[in-house]
Structures are given as C-alpha cells and as structure tokens.
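S.K.: The following block contains the structure, expressed as structure tokens.
Values in this text are rule-based calculations from the coordinates and carry no lab data. As the structure is a prediction and not an experimental result, all values here were calculated from the model. Counting neighbours? That spans all protein chains shown, and the Cβs are built from the backbone with ideal geometry, glycine included.
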Amino acid sequence: MASPARKMPIKRLPMLPAERALKVIAGRWKAVILYHLFDGPRRLTALKAMMPGITQKVLIQQLREMEEHGLVSREIFAEVPARVEYSATSLGLSLEPILLALCQWGQHHADELNETHRLADCIIRPRQARHAYMA
C-alpha cells in the first residue's frame, strides 16, 4: 500500500544527515521558539510576548520554516476572529534533548575559551526539571 503523499519542503535539504539536522534547526530564533512550544500550544501573540527581541515578520517566517520541516504544527480554530495556535509536533519535541546538549556544549565551549562572562543563561532545560519546580 502506498503511503500518503507528503508535502515536499520548498527548499531542498542536504543529503548528509548531520548537515540536514543543522539546516532544519538553523535560525536565530528556532531553538527559542521550540523551547516555548515544548510546554504546549501557544498563540502567535503569546510567542511574540515571550521573545521581545524578535519581529513579528521573523517569528512568522521561522514558524513557517519549522512547520514546513515538520517540527511545528499550526491549528486554526473556526472562531471569529480566527484563533491560531502553534505547537511542537512529536518530531519537534524529539529535539528537546538535542537542544539541551547543544546548550551544554556551548557552555563548555565558552568555559574552554574563558568566555563564560559573555554567556546568557541557557534556557533549554529538561522538561522533567522544569515541571519539578512547579510541583
């Protein structure tokens, strides 16, 4: 039985798996957007409020790219005015440990180069740890 046709990404992705992964998560804001979606669906205005440094144009562009690559889903509710929510897909959620590892490596890299004073707090944290604080 043939599998259902899947929408092909607009841009071709690299053939090397590591390069492909980096291309999909590349972008100044993608990791931060995913971080906020790890906890559940968010509306565009809520995401924008959580990231005051991002323009709405860039936020929408990054969300569209992540939706195209299967990391984020968009749900439009039949309401007036229409309500749209973005959420991380299971594929997007599978990036959580990877983003945590990248964050930890970035901290290690800064340590090795004596640049920890230049780092911001790493916001990617294991979901279990975040929920433990709330309990």
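S.K.: With θ set to phi - 60° and the Karplus curve 6.51 cos²θ - 1.76 cosθ + 1.60, what are the ³J(HN,Hα) couplings of region 40-57 in order, to the nearest whole Hz, using x for Gly and Pro?
M.R.: 3J(HN,Hα) across region 40-57, in whole Hz: x, x, 9, 7, 4, 5, 5, 4, 4, 5, 6, 10, x, x, 9, 7, 4, 4.
S.K.: Moving on. Positive end of the dipole of region 21-86, charges at C-beta (+1 Lys, Arg; -1 Asp, Glu), about the Cα centre: which of PRO52, VAL32, LEU22 has its Cα farthest in that direction?
M.R.: With unit charges placed on the Cβ atoms, the residue in question is PRO52.
S.K.: In region 19-103, which GluC sites (Glu not before Pro) fall in coil by DSSP and have 16 or fewer other Cβ atoms within 10 Å?
M.R.: GLU79
S.K.: Still on this model: Length gain on complete extension for the stretch LEU119 to LYS23, per 0.36 nm per residue less the alpha carbon to alpha carbon distance?
M.R.: Once the chain is fully extended between LEU119 and LYS23, it gains 32.2 nm.
S.K.: A follow-up question, please. What net charge is computed for the residues neighbouring ILE60, neighbours being all others with C-beta under 15 Å from the C-beta of ILE60, Lys and Arg scored +1, Asp and Glu -1?
M.R.: +4
S.K.: When you take every Cα atom in region 24-130, what is the radius of gyration, and what is Dmax, the widest Cα pair distance, in Å?
M.R.: Every Cα atom of region 24-130 included, Rg and Dmax give 15.1, 54 Å.
S.K.: Between ILE76 and ALA46, what is the FRET efficiency for a Förster distance of 22 Å, r being their Cβ-Cβ separation, to the nearest 0.05? Write down the numbers at each step before the final one.
M.R.: On the way: r = 16 Å, r/R0 = 0.72.
Efficiency, rounded to the nearest 0.05: 0.90.
S.K.: Next question. Trypsin sites (Lys or Arg not before Pro), restricted to region 10-77: which are DSSP loop and have at most 14 other Cβ atoms within 10 Å? Can you show the working numbers first?
M.R.: Numbers: sites: LYS11, ARG12, ARG20, LYS23, ARG28, LYS30, ARG42, ARG43, LYS48, LYS57, ARG64, ARG74; in loops: LYS11, ARG12, ARG28.
Within region 10-77, the qualifying trypsin sites (Lys or Arg not before Pro) (loop, at most 14 other Cβ atoms within 10 Å) are LYS11, ARG12, ARG28.
S.K.: Would you please report the Å³ per residue occupied by the convex hull of the alpha carbon atoms in region 25-84?
M.R.: 85
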